[in-house]
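Notes follow once the structure below has been shown.
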Amino acid sequence: MLSRALSAYVVGIDAHLIEVEVDITSKGLPYFSMVGLPDTAVKESKDRIRAALKNIGFNFPLKQITVNLAPADLKKEGSSFDLPIAIGIIAAENIIRPDSLADYILAGELSLDGKIKPIRGALPIALEAKRAGIKGVILPNGNAAEAAVVSGIEVLCMESLPEVIEFLGGISQRAPFTVDLHAAMAENSQYEDDFSDVKGQEHAKRALEVAAAGSHNILMIGTPGSGKTMLARRLPSILPPMTFEEALDTTKIHSISGLLKSGQSLLATRPFRSPHHTISDIALIGGGQTPRPRIPSTKMISRMSRVRSTRSGRWR
């Protein structure tokens, strides 16, 4: 029997709708085939799904199973397809109605015991669901807060695979997860490093205030330890508060990069980064075969701030 489930895959900072087709037939020897340009992490999902279904009380079908991730010309990466493939197999076995899968986008990584782990890029997936006119999304508990900032769709947070099966099978009901946007903006707009912490440095503070007010560039020159980085780190706290659209774009990038804290709905503070001037383009803005945004970590910035001597070939 054939079933279709909806999922999404993030390319760059935007998500694209993916149709997960599962066909199961009892003719011939058992095998599991996955097509649609899956990477290694996606191909390994069959082992996670087999163990998860067994540990929640379902027998993995010993039949010919073909999974197609459409569109087939888009390379798929990551473990977020575990949940839609597992639900597609269950629907193809007539445990739940296949037509119940048309209203929701599913995404999540499965543990071997059937628990659903958080994924990256839940916010872009929710935005794609709204754009495509889909009723809602089914996501892990850890991603519910960031996805719920998107209005107009249902965000359902699930902890385990049996909860998803019961909901799609009509056995149980689940209220959508909601977030107070005004409270979220206020709660997440507090800066750890505030401009008011700086004592003295009146001429430097005045220059930063003028630059912030007029959206000017600024160049600070001084000996090590004079406070350049300390002042620059506190500059975002005197910039205008972020709008909701700016917070949404910033949160998308952090969500895709895996830097959003668990349970955090929005990132409403202007980010500060201090990469070394020798950093490469790829390390600064991201890239690769599948382009992704990249935010240099503190460890990377520290490591790249070392200067290599061209004469000795050693780091100093």
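If R0 equals 22 Å, the separation of the Cβ atoms of residue 113 and residue 39 corresponds to a calculated FRET efficiency of about 0.35.
Helices in the chain, meaning DSSP H runs of at least 4 residues, each add -39500 (n - 2.57). Divided by all residues, the mean residue ellipticity at 222 nm is -9000 deg cm²/dmol. Heavy-atom accessible area with a 1.4 Å probe sorts 209, 202, 109, largest first, into 202, 209, 109. Using a 1.4 angstrom probe on heavy atoms only, work out the carbon and sulfur share of the accessible area of the chain in %. That share works out to 52 percent.
Report the Cα centroid-to-centroid distance between the stretch 69-102 and the stretch 27-58 in angstrom, as an integer. Answer, in whole Å: 11.
Under 5 Å from the amide H of residue 105 lie the amide H atoms of 136, 137, 138, each residue being 5 or more positions distant or on a separate chain, with H modelled from the backbone and absent for Pro and chain starts. Using each residue's phi in the stretch 125-142, evaluate 6.51 cos²θ - 1.76 cosθ + 1.60 at θ = phi - 60° and report the 3J(HN,Hα) Karplus result to the nearest Hz, with x for Gly and Pro. Values, residue by residue: 5, 5, 5, 5, 4, 5, 5, 7, x, 8, 4, x, 10, 10, 10, x, 4, x Hz.
Computed from backbone phi with θ = phi - 60° and the Karplus coefficients 6.51, -1.76 and 1.60, the 3J(HN,Hα) list for the stretch 214-226 is x, 6, 9, 7, 8, 10, 10, 10, x, 5, x, x, 7 Hz; x is used for glycine and proline. Accessible surface calculations at 1.4 Å, restricted to protein heavy atoms, place the chain at 54 Å² per residue. The mean of 1/r over all pairs of different alpha-carbon atoms in the chain, once inverted, gives a Kirkwood hydrodynamic radius of 22.1 Å. For the stretch 268-285, putting each phi into the Karplus relation 6.51 cos²θ - 1.76 cosθ + 1.60 with θ = phi - 60° gives couplings of 10, 10, 5, x, 10, 10, 10, x, 6, 5, 8, 5, 7, 4, 5, 5, 7, 10 Hz, in residue order, rounded to whole numbers and with x for Gly and Pro.
The values are calculated or read from the model by the stated rules, or taken from the named source; none is laboratory data. Treat the numbers as computed from the prediction; the structure is a model and nothing was measured. Quick reminder, even Gly has a Cβ in these numbers, built from the backbone with ideal geometry, and neighbours come from all protein chains shown. Heads up: the accessible areas ignore ligands, DNA and RNA and are worked out on the full protein's heavy atoms, side chains in. Shrake-Rupley method; radii C 1.70, N 1.55, O 1.52, S 1.80 Å.
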